[in-house]
């Protein structure tokens, strides 16, 4: 979206496939559990949980599953204790990658992530090695059926919300701002009856690495795909700018 990260656009296309695999429900369950653990089980006082519930419902996650995940996060049902883990590394061609995970076994997850990088000609790096290349931002994806960039910007301006950027892509609007505005935007959309397709605090690369060699591009995409498919992965960020002709070729699918 908006040229920030072409991998973000690729992930949108993968979402439907992930939903069919059922993996997306597992990821939302973990996010619901962690949001509850960190901020409590009352959505009214926990914006992260409210956002997670909305996102889960957008992919048709059953209410029973949502309720069960919240109860687990609150410790009412026992079960696994999750912690947030972050891994940094490089793919072929010097592409920087950050992987956010939720895990109940950090040793297992670390070994698995290291193995995934190695198999795709990548390597893990020390903490802080690539995170400085990314900025944490609030990000919302909206359908543009009843909104346009100008009306959305005006809506935020009128309520004192400092938005950095609003862009259109594939009949959707992307709103970007500092992490601090996340709660404000969630409340604004709730008051206006607007349900975002996606929302969260994400990592956006400051600069991108152009990948024009098809062989390197395939290695990068294979690594990103394998990281995305890993059970403990919640999100993957990369600063790869892969040429469109490579993305559209059968070999990269």
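The values are calculated or read from the model by the stated rules, or taken from the named source; none is laboratory data. If you're wondering where the values come from, they're calculated on a predicted model, not measured in any experiment. FYI the Cβ positions are ideal-geometry reconstructions off the backbone, even for glycines, and counts take in every protein chain you see.
I'd like to know if the stretch 84-100 contains one or more residues that are at positive phi and in a loop (DSSP other than H, G, I, E, B). The answer is no; no qualifying residue exists. Might you check whether a residue that is within 19 Å of residue 227 (Cα to Cα), in contact (Cβ under 8 Å) with a residue 40 or more places away in the chain and part of a helix (DSSP H, G or I) occurs anywhere in the stretch 125-132? Yes, the stretch 125-132 contains at least one residue that is within 19 Å of residue 227 (Cα to Cα), in contact (Cβ under 8 Å) with a residue 40 or more places away in the chain and part of a helix (DSSP H, G or I).
Before we move on, is residue 123 in contact with a strand residue (DSSP E or B) (Cβ under 8 Å, 6 or more places away or on another chain) and either surrounded by fewer than 16 Cβ atoms within 10 Å (Cβ to Cβ) or modelled with pLDDT under 90 (or both)? Taking the combined requirement at face value, the residue satisfies it.
Out of all the residues in the stretch 50-66, which are assigned to a helix (DSSP H, G or I) and either within 20 Å of the chain's Cα centre (by Cα) or within 15 Å of residue 30 (Cβ to Cβ) (or both)? Selection gives 50, 51, 52, 53, 54, 55, 56, 57, 58, 65, 66.
Look at (1) loosely packed, with under 13 Cβ neighbours inside 10 Å; (2) in contact with a helix residue (DSSP H, G or I) (Cβ under 7 Å, 6 or more places away or on another chain) and you find that residue 46 fails only one, number (1). Any residue that is touching a strand residue (DSSP E or B) at 6+ places or on another chain (Cβ under 6 Å) and within 28 Å of residue 99 (Cβ to Cβ) - is there at least one of those in the stretch 141-150? Among the residues of the stretch 141-150, at least one is touching a strand residue (DSSP E or B) at 6+ places or on another chain (Cβ under 6 Å) and within 28 Å of residue 99 (Cβ to Cβ), which makes the answer yes.
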